[in-house]
Every structure is written in structure tokens, then in C-alpha cells.
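Q: I have a structure here, written as C-alpha cells, and I will follow up with some questions on it.
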Amino acid sequence: MKNVIVGQSGGPTAVINGSLYGVVWETLAHPEEIGHVYGMIHGIEGFLQDSIMDLGEELSGEELELMKVTPAAYLGSCRYKLPEDISSEVYPEVFEKLEALDVGYFLYIGGNDSMDTVSKLSRYAARTGSDIRFIGVPKTIDNDLVGTDHTPGYGSAAKYVAGTVREIVLDSSVYFQKSVTIVELMGRHAGWVTAASVLARKYKGDNPLLVYLPESVFDLERFARDIESAFEKSACIIVCVSEGIHDASGRFICEYGDEAQTDNFGHKMLTGCGKILENFVRRRFGVKVRSVELNVSQRCSGALISAADLEEASMAGREGVKAALAGETGVMVAFRRADDTPYYIEYITTDVNAVCNQEKSFPAEWITGAGNDISREFVEYARPLIAGEVTRPVEDGVAVYLYRGESRENTESPEVIGTVGKTKTENR
């Protein structure tokens, strides 16, 4: 009998704890094969500092259910990158700690950089003859992991964007004067989150009238012409842009204001393109203009969790445990869309080495107009991912969430309502 250890890494999502719930739930369903299910506090970085908890022992059934609908990472996250050289002294340290806990199954919930961690640890295990199995469980609102139809977290982010942009459209249209509202959304290189803004439209020609993704070159003069054309259709214009839009030279528009910095991975910390475009429109057109940056609300809002997304996130965690018990290692759980009508997916696994350090761009054929709109094909792709509502326990008018280290008694279990697409588990 071996133990499971699970961690969360990278930017949180509204349903990343759904995957953690799935891992714990499936682990507890195999008491004859698995002993404990440990959680790494702050991912692999915290694990190296011996920061762990016993999820099976420390969480009651009620708390586990509450954790499932709690946004952000219950275990805490990290952005720690393991050394490229797997002969580094860090790796023996990691494996000594795993062996001391009698861990046989290591599951890591995260995005691209997290899959890189799974890849490196599984390769080190193969080199040293370790029988510990390493499984990646996908997570990212960016929807940019290759090898999977979509990722847990994206559906809820898309639902939040669609609902919020629709509200912005209503708010911006109350006056008869000309106005432009620019909504800046997450997306460094992939425009999946921004594309979801078109789900806010009620009819053909509805706002947002203009949508710009990083996959297309952005030109300020062409943008001005697009605004002029949009004013011929409506006095109120909503423009949705990805934070990573760039010009023909590759320079980020946010860098026009010299506001971009870099994080520990060398990634540009992008923010501010909305404000730059706001100032540009004000100078060029002299109309009422504002910019809105949705920022972390896109990933931390529990108010608009997609029931389909939560179910699939939970299943991804469960399938990760099943894959490990079946002897797989060095793989990531993935979704394969088997049908659209009715929508259902199959859960498969894919080589994590083919996933890490890759990015899935938004399909060029789904970008229409002069690079300023999104096709109907995307709408059909995204609709099933935002289906269904999740109700949460409420206390004094405020949603109740689970905080690590806090014990709550007699907490009402959440109820999932709405139609969720069918799922099919592929036989291994």
C-alpha cells in the first residue's frame, strides 16, 4: 500500500479545487490500495520545505464538499521551476522526501509550467529506477495546453467573461452620447479568454463590436478605422482586448506605456493596454471613453462557476488517480471531445513531455473580419463549457468558502443544478 501526494501550482482558477476534490475523493475510494492522501502546501516549493497536510485526515466530508466550490487554490500555489538539469541536487532531495512519506503516486494540478514539473520528475524517476508514478492534472483559464480539447478552469472563466461583458454592455448603453468602453482581459499569447466575450452577444451586431486577440497583429491606425466603422452601427461601442495584443514588430501594446515588467520565469507581466487604448481613443475621437481591466476576477470568481467545468475538473482529478493506479506515469489527463450533439467528452491520457513548454493558440480560422471578430464556430465550441449553474452555501448574504486551517461544522453541502454534458470514460 502506497500513499498519494497532490499539489497545486500556477495561477488559480474557480475550479482548481474541484480537481483537488476529485483526487481526494478517488483516493478515499481505494482504501485497500492507497493509504494517505497528502497535500503539498504551496506546491513543490512548499514540499521542499516539508510543508504538507493529510487531506484525508484533516478534512471532514462537509469540508471536502465545501472545498469543491471554493475558488483559488486551497493548498496554496507556487511558481517554482525545477532545474533544467535533472542531475541537480534538488531531485534527490525531492525523491528522498517522497520515499520518507512512502509516496507511490504524485499528482500535480496546474498548467504549462506545472506539466514541466511532472515531466522532469518522471524523467528523473525513469533514470533512477524509482517506481513512483507522476501524473499531471490540467488546469488553466488560458485554455492553452496542447493535447486536450480544453482545460478545467476555462469554462468558468469564459462564463464569467460572458456574463460580466454583457453587464458592461447594458451599463454603457444607458446614454445617447457616443462612448467607447475597452475591456482588457487575460491572455499573454493565447486569446481564448478574450474570445469568450462574444458569448455576451444577444443578437447579430450586438456588442462587443470589436474583439482583438494576441494571435493577430494589432495596429493603432487600423484600430481607429475600426472604431469609425463601429460608430456607424452604434453610438455605444464595447471593445474587448487581450492583455497580450502586440504590433507587427512583436512589441506589446502595453509596452507603449513602459509599464511591462517580467516575472521569475522571464514572462512579461502584462497590464495596461486598455488604458493606453483609452487614451488613444480619447485623443483621436474626443468621445466619452473608459477602460475596464477584469484582472484576477476572471479566475477567482466563484459566483459564476460553470457546472460543466466543475464536473470535468473533478473528473480530471479522479482520472489522474485511476491512471496512476493503472501503472501510468509521465502523462497528463486530457479531454477528447467525442461529440457536440449531445456534448460529451472522453477522458484520456497524453504524454506530458509533448504538453509542457508548448502553447495552444486560438485557431486562426476562428478569427474573422480584419482580425477584429470571432466566428460562430468558436461559439459552438464554447457553449457546452459554460453550461449549468452551481449554488453555494451562503452566510449572512455572503458565499461561504473553505479556508485552509479553518474548521467549519454543519456546513450545507453545495448543490449542482442545470444540464451538464454527458461524460464518457475511456477504457484503458
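Q: For Val296 and Ala100, calculate 0.36 nm times their separation in residues minus their Cα-Cα distance, and state this gained length in nm to one decimal.
A: Details: separation 196, 0.36 × 196 = 70.56 nm, distance 3.74 nm.
Computed gain between Val296 and Ala100 is 66.8 nm.
Q: Using only the alpha carbons of the range 164-300, determine the length spanned along each of the three principal axes and report them from longest to shortest in whole angstroms.
A: Cα spread of the range 164-300 along its principal axes, largest to smallest: 46, 32, 21 Å.
Q: Let me ask another. Specify the residue with the greatest mean-square fluctuation among Arg188, Arg318, Arg283, computed from a Gaussian network of the chain linking alpha-carbon atoms under 10 Å apart.
A: Arg283
Q: Amide H to amide H under 5 Å from Val217: which residues, 5+ apart in sequence or cross-chain, H placed 1.01 Å off N in plane?
A: Close amide H contacts, sequence-distant or interchain: none at all.
Q: Nearest 10 degrees, 0 to 90: what angle lies between the long axis of helix 112-128 and the longest principal axis of the chain (Cα atoms)?
A: Helix 112-128 sits at roughly 30 degrees to that axis.
Q: So what is the orientation-averaged projected area of the range 209-255, using the convex hull of its C-alpha atoms, in nm²?
A: Dividing the Cα hull surface by four gives the mean projection, 3.2 nm².
Q: Counting other Cβ atoms within 10 Å, which chymotrypsin sites (Phe, Trp or Tyr not before Pro) in the range 317-368 have at most 16 and lie in a DSSP loop? Don't skip to the answer; put the middle values down first.
A: On the way: sites: Phe335, Tyr343, Tyr344, Tyr347, Trp366; in loops: none.
Those that pass, being in a loop and sparsely packed, number zero.
Q: Angle check, please: helix 307-325 long axis (alpha carbons) against the longest principal axis of the chain (alpha carbons), in degrees 0 to 90, nearest 10.
A: Roughly 30 degrees, rounded to the nearest 10.
Q: Treating only the Cβ atoms of Lys and Arg (+1) and Asp and Glu (-1) as charged, compute the dipole magnitude of the chain about its Cα centre; round to the nearest 20 debye.
A: Dipole about the Cα centre, nearest 20: 1540 debye.
Q: Just to check, using Stokes-Einstein with a Kirkwood Rh over alpha carbon pairs, what's the diffusion coefficient of the range 1-151 at 20 °C and 1.002 mPa s in µm²/s?
A: 138 µm²/s
Q: Report the net charge of residues surrounding Arg222, where surrounding means a beta-carbon distance below 11 angstrom and charges are Lys +1, Arg +1, Asp -1, Glu -1.
A: Charge balance near Arg222 sits at -4.
Q: In addition: What order, most packed first, do the peptides 129-135, 112-118, 79-85 have when packing is the mean number of other Cβ atoms within 10 Å of each residue?
A: 112-118, 129-135, 79-85
Q: Relative to the longest principal axis of the C-alpha atoms of the chain, give the angle of the C-alpha long axis of helix 220-231, reported between 0 and 90° and rounded to the nearest 10°.
A: Taking Cα atoms only, the helix is inclined about 70 degrees.
Q: Okay, moving on. How big is the Cα convex hull of the chain in projection, averaged over all directions, in nm²?
A: That works out to 21.5 nm².
Q: Next up: Test of understanding: ordering Val296, Val161, Val69 by Cβ neighbours within 10 Å, fewest first, what list do you get?
A: In increasing order of surrounding Cβ atoms, one gets Val296, Val69, Val161.
Q: Moving on to the next point. No partner Cβ under 4.7 angstrom, meaning no disulfide-compatible partner by this rule: which Cys of the chain qualify?
A: If one checks each Cβ against the other cysteines of the chain, Cys78, Cys236, Cys240, Cys300, Cys356 turn up with nothing under 4.7 Å.
FYI, it's all coordinate maths here, none of it is from the lab. What you are looking at is a predicted structure, and each value in this text was computed from that prediction instead of being measured. Neighbour counts run over all protein chains shown; Cβ positions are idealised from the backbone, glycine included.
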